[in-house]
Protein chains: 2
Amino acid sequence: MSLPSLEDIKEAHDRIKSFIHHTPVLSSEAINKIAGTEIYFKCENFQKVGAFKARGAANAVSKLGQEAMRNGVATHSSGNHAAALARAAKVGGIPAYIVMPSNAPEIKKKAVKGYGGEIIECEPTLEARERTLDEVVAKTGATFIHPYDNIHVVEGQATCALEMWQEKIDFDTIMAPVGGGGLLGGTALTTHYISPKTKIIAAEPEGANDAYRSFQAKELIPMKNPKTIADGLLTSLGKINFEIILQHVDDILTVNDDEIILAMRLIYERMKIVIEPSCAVPLAALLKNKERFQNQKIGIILSGGNVDLAKLPFK
Amino acid sequence: MSLPSLEDIKEAHDRIKSFIHHTPVLSSEAINKIAGTEIYFKCENFQKVGAFKARGAANAVSKLGQEAMRNGVATHSSGNHAAALARAAKVGGIPAYIVMPSNAPEIKKKAVKGYGGEIIECEPTLEARERTLDEVVAKTGATFIHPYDNIHVVEGQATCALEMWQEKIDFDTIMAPVGGGGLLGGTALTTHYISPKTKIIAAEPEGANDAYRSFQAKELIPMKNPKTIADGLLTSLGKINFEIILQHVDDILTVNDDEIILAMRLIYERMKIVIEPSCAVPLAALLKNKERFQNQKIGIILSGGNVDLAKLPFK
C-alpha cells in the first residue's frame, strides 16, 4: 500500500478547504497552569457536521471518478461519519446511501436526512450492517467509503494536522484520540513529513484499548465488547491505520472513564466549549502523566462536539 | 449625572485592554437559517472570569485615586461581579472585600478566593448584605463598587460594544440581555455615539421583567420575587442605567423560561459553546419575534459562560 505524500495531503487540503471550516486553535491559561505545560487545542468540534470526519468524507468524495460519482457513495455508520458522508455527497451533488442500525438515535438519523442522505435500516449487528451494505452496493453501484480504513479518508483527516502546522507553533508533542485510527494515522503522517522530531502520542479509553494492546503486541488485536463513555472510540483499529501507527506513533496511553469525565469537565468549565467525551481522552492522558509533558508545546486535537446534552456526565 | 463620552469609553478600553480578552465574534449558518437573519454573537462567555463583568470591574479599579487604591474595593455579590472585582483588585495589587450571603454556592466562593478576594459572610437577605457592606467600608475605607449602578462600571461594560463596532459590521440591531442594566446601558451608549441609526433591543425574562415594566411606565419599578432560569438577570434595574435606557434603548422584549432553554440549546448544539442561561435571552426574543428581524445584521452579546454543568436544563 502506498501512503499519501506531503504533496498529496496538501493537494487534498486544497481540494476540500472550501467545503470545510479552517478551525481555530485555542489555549487556556487555567488549563496550562494545571497541566504545567503549554497546550494548543485544535477545535474540530467547530468543524462542519461537528467533527473532523467532514475532512475525510469530503476528500473521499473528491477522489471519485466521473463514473463513480454518478452512482454515489455508501457506508455503514451510526456516528459522525454517516452525517459527514451524507454532507460531502450533497455538496458533490451525488447520492449517499447510509446503512444504520434500527436502534440508532433519532438525532443521528435526522442529521443524515438533513443532508439528503438515504437511510437503509438494518438489524443492530455488525454482520447485518455489512450484509446490508453489500446489498446496497450491489444494487446501486455506489462506492463504499469506510469510516476510517480507507486511504482517501486518512488523507483527508491528515489535513487537520496540516492546518495545525500552519499556525507556526513548534510542537514538541501532538496528541490525538484513537478509535478506528483515521485521525491518528493522518496526524502522524503529516507530522512525520513536517517535523519528524515531534512526538505523536495517542490516547485511548481503557474500556476500548485495542490500539494500545495491538501497539504493544505489534499485531492487530480487535476489540471485543468495548465499553467506555467515549462513544466515538468504540470501533476497532483499521488495518491501514495500524501500519501507519506502528511506523509513526511514539506511544499510546490509556485512561479510565472517570479520568475522561474530569478532563471533559475542565474543558467545559475553563474553555467554555462543547466537546464530546472522546475529545477529552488526550487531555486526560496528559494530566495522568504530567511529569512526562512538563514545559512542552503540545497540540491536542479536539475531535468533535456531537454530544447528547441531556446525558452529560457531570454531577 | 454626566454620562461617559465616546472618548471616555475609548480611553477606558485602552486602560483595561491588557487585562481582558478581546473576545471573538462568531456566527452559525444553521442558526441564521432558522432565524432568517444574519446574527453575530459577541462571545463574552470567553471573557476573563467567564463574563463581561471583567470589563466594568477592571475599569472601576483603574479609575481609583492613589489614596483609594491603598484601601481597596468592596462589594456585595454572589455572582460574576464578585469574581470580576476580586480579579481586578488582584491585578491592581489592592485588597478586595466581597460580602457574600452564607448560602452562596461553594464554587462562587472558591472563584473569589482564587483571585485572593477576602470573603465576608452575612445572612442571605438584601438588608444584611447592605448592612455588612456598610460595616466593611467603615472599617477598611474601601471604595464600594456597585455591580451595575456605578458609572465607571457602565463605562467599562460599554467597551464590549466598542469592540463589536471594530469588526466593521454594519449592525441594523444590537441585542443584549438586561438585569441590572450595566451591559445594556454601556452598549446603548457606545452604539448611540457610533451608529445612532442602529436599533438597541433589550431582552428580559418574563419572571424578572422589571426593566420591561419600568420602560413602559417610564418610571423605575423594582422587581419583587424574581423567578427565572436566567440567574444572571434576577437583579433589579439600576438608576443610572434606567436613565440611559430611557434615552437610547428602542425596545425591551420578554421571553419565558421554556423559550430561553430552547435558544440556549440551539447555541450549545449548533455553535458548540458553553453559555449561561442569561445569554440565551436575546436569541430567544429574536426567535419569538422573527418577522421583525428578517434579513438584518444583528449583533447579540453572549454575556457569560458560568453555568452549573450538573444542572443544565436539557432533557
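Scanning region A:268-287 for residues that are more than 22 Å from the chain's Cα centre (by Cα) and among the basic types (Lys, Arg) returns a single hit, A:ARG270. For region A:248-296, residues that are in contact with a Leu (Cβ under 8 Å, 6 or more places away or on another chain) and among the polar types (S, T, N, Q) total 2. Filtered by the rule that a residue be surrounded by fewer than 22 Cβ atoms within 10 Å (Cβ to Cβ) and hydrophobic (A, V, I, L, M, F, W, C), region B:216-241 gives B:ALA217, B:LEU220, B:ILE221, B:MET223, B:ILE229, B:LEU234, B:ILE240. Listed here are the helices (runs of 4 or more DSSP H) enclosed by region A:216-315 that have at least 3 residues being touching a residue at least 60 places away in the same chain (Cβ under 8 Å) and either within 14 Å of another protein chain (Cβ to nearest Cβ) or over 20 Å from A:TYR148 (Cα atoms) (or both): A:257-271, A:280-288.
Mind listing whichever residues of region B:31-47 are β-branched (Val, Ile, Thr) and more than 14 Å from chain A (Cβ to nearest Cβ)?
Within region B:31-47, B:THR37, B:ILE39 qualify.
Can you confirm whether B:ALA104 is modelled with pLDDT under 95, under 25 Å from B:GLU276 (Cβ atoms), out of contact with any Phe, Trp or Tyr (no Cβ under 9 Å at 6 or more places or on another chain) and not in a helix (DSSP H, G or I)? Answer is yes for this residue. If you go through region A:77-97 and keep only what is surrounded by 24 or more Cβ atoms within 10 Å (Cβ to Cβ) and in contact with an Asp or Glu (Cβ under 7 Å, 6 or more places away or on another chain), you end up with A:ALA96, A:TYR97. Quick check on A:VAL112: is it part of a strand (DSSP E or B), of a type in the set (Val, Ile, Thr) and under 26 Å from A:ASN241 (Cβ atoms)? Against the criterion (part of a strand (DSSP E or B), of a type in the set (Val, Ile, Thr) and under 26 Å from A:ASN241 (Cβ atoms)), A:VAL112 does not qualify. The set of residues in region B:1-16 that are among the aliphatic types (A, V, I, L, M), farther than 12 Å from B:ASN59 by Cα and part of a helix (DSSP H, G or I) contains only B:LEU6. Against the numbered list (1) of a type in the set (S, T, N, Q); (2) modelled with pLDDT of 95 or more; (3) under 21 Å from A:SER303 (Cα atoms); (4) outside the structural domain of A:PRO205 (by TED's automatic domain parsing), A:THR173 comes up short only at (4).
Restricting attention to region B:98-139, the residues being surrounded by fewer than 16 Cβ atoms within 10 Å (Cβ to Cβ) and among the hydroxyl-bearing types (Ser, Thr, Tyr) number 2.
Taking the criterion of being buried (at least 20 other Cβ atoms within 10 Å of the Cβ) and part of a strand (DSSP E or B), the residues of region A:199-215 that qualify are A:ILE200, A:ILE201, A:ALA202, A:ALA203, A:GLU204, A:PRO205. Please verify whether region A:163-178 includes one or more residues that are farther than 21 Å from A:VAL249 by Cα, free of Cβ contacts under 8 Å to residues at least 60 places away in the same chain and assigned to a strand (DSSP E or B). Among the residues of region A:163-178, not one is farther than 21 Å from A:VAL249 by Cα, free of Cβ contacts under 8 Å to residues at least 60 places away in the same chain and assigned to a strand (DSSP E or B), which makes the answer no.
If the condition is being assigned to a loop (DSSP other than H, G, I, E, B), closer than 29 Å to A:THR143 by Cβ and within 18 Å of the chain's Cα centre (by Cα), then region A:17-64 contributes A:LYS17, A:PHE19, A:ILE20, A:HIS21, A:HIS22, A:THR23, A:GLN47, A:PHE52. When region B:200-232 is filtered for residues that are within 18 Å of B:VAL153 (Cβ to Cβ) and at pLDDT below 95, only B:GLY232 remains. Among the candidates B:ALA88, B:ALA82, the residue that is of a type in the set (Gly, Ala, Ser), closer than 20 Å to B:LYS139 by Cα and part of a helix (DSSP H, G or I) is uniquely B:ALA82.
The values are calculated or read from the model by the stated rules, or taken from the named source; none is laboratory data. Small disclaimer: the values here were computed from a predicted structure and weren't measured. So basically every Cβ, Gly included, is an ideal-geometry build from the backbone, and we count neighbours across all protein chains shown.
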